[in-house]
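**Student:** Handing you this structure, nothing more for now.
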Amino acid sequence: MLVEFELIQRAQQGDAGAFNQVVTAYRRRILGTISRLIGRPEDVEDVAQEVFMRLFFSLEQLRTAEVFEPWLYRLTVNASYDYLRKSRRRMESRMADLSEQQVMIADAVAGTRAQSDEGERRRVTDTVNGLLSSVSEEDRLLLTLKEVEGLSLKELEKVYNVNENALKVRLFRARQRVLKKFGQQEEEAASRKTRPAGSGGASGGE
Amino acid sequence: MIGNRNFKAGNEALEGRFDALMASYRDALPDRDASPDFMPEMWARIDARRNQTTFFTRMSRALVTFALAASVLCGILVASSNHQAASYFNGTYIEVLKMEHNLDLDPMHPDRIAELEQD
């Protein structure tokens, strides 16, 4: 734990300074987690503020130190889920716009290393966002927590409050669906590479 | 058998590339610091929610008070009408008949009839 439980107890009693310290200790980690969960850096602070606001109003329910971090993760997952649901329409249109771009991204991921770091970063995030759009928001979050955040099944069990087997089944299905899409993207990228120049039609980007 | 092995190997390679992609996604979006406005904006949100909660709490208290007052008033009205009804239903046949008779006669104003007779 990044803070002493005594500090959390002070925050529970309404000590704004103590709550500020708790937020300061966790905000970097929470901001990072949210950015990977939602995949949109511009809205990360907004969602993080929502998380800490929910923490502020529910802090009095906390009884033991060990559940604090899983609980904060749960608040983070819930706020991210709400955000993803709200912006689903926006995301869908974004993904539709990206479909052509993704093919090029897959190309780039496969081989091209001549791009700048920032461009590479954007390509990777857009590719992963595109892949994760093939599963529901719940599965996207679960998969990201496992595959990207590196949470163990035990930790996920605490966050989601469900048994390990149910999590395993859900994770397996979500991963298979995303893998299938990833494979399709790679195949498309490979067929583009092998296609002779000039026969690419209108999607050649000219 | 060989086909199955090739498929398995292909699948493992795909999974390996997928894991690498997820790792690069993790690196592309590292933990980051908040902007200087983060804390003031967060407290502004907390205050806004707190004010909203206070407003709704006050409103609900006012509504509960009003509902209590209305129910007490209704109770009093029902009790008084029950009292009248009780005397109607618990009275003897003669008393009720008398009550009915009085009600029938009341609008006739016997004094005015007497005045009319004098004329």
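**Student:** Net charge near A:ALA79, counting Lys/Arg +1 and Asp/Glu -1 over other residues with Cβ under 10 Å of its Cβ?
**Tutor:** Charge balance near A:ALA79 sits at -1.
**Student:** Of all the Cα-Cα pairs you can form in the range A:1-89, what percent are over 23 Å apart?
**Tutor:** Summing the P(r) of the range A:1-89 above 23 Å gives 21 percent of all pairs.
**Student:** May I pose another question? Extending each Cα 7 Å along its Cβ direction at A:GLN176 and B:ASN82, get the distance between those two points in nm, one decimal.
**Tutor:** 6.7 nm
**Student:** What distance in nm separates the simple spin-label points at A:ASN165 and A:VAL67, each placed 7 Å from Cα in the Cβ direction?
**Tutor:** Placing both labels 7 Å along Cα→Cβ, they lie 2.5 nm apart.
**Student:** Turning to a different aspect of this structure: Suppose R0 equals 45 Å; then what is the FRET efficiency for B:LEU73 and B:ARG50 from their Cβ-Cβ distance, rounded to the nearest 0.05?
**Tutor:** Computed FRET efficiency for B:LEU73 and B:ARG50 comes out at 0.85.
**Student:** Given a Förster radius of 41 Å and the C-beta distance between A:ALA190 and A:ALA25 as r, what FRET efficiency does 1/(1 + (r/R0)^6) yield to the nearest 0.05?
**Tutor:** 0.30
**Student:** Right, another one. What FRET efficiency, computed as 1/(1 + (r/R0)^6) with R0 = 35 Å and r the Cβ-Cβ distance, is obtained for B:ARG61 and A:SER136, rounded to the nearest 0.05?
**Tutor:** Efficiency, from the Cβ-Cβ distance: 0.30.
Any read-out appearing in this document is the output of simple, stated calculations on the displayed coordinates, not a laboratory observation. Just so we're clear, the structure is a prediction, and the values are computed from it rather than from any experiment. With ideal geometry, Cβ positions are generated from the backbone for all residues, glycine too; neighbour counts draw on all protein chains shown.
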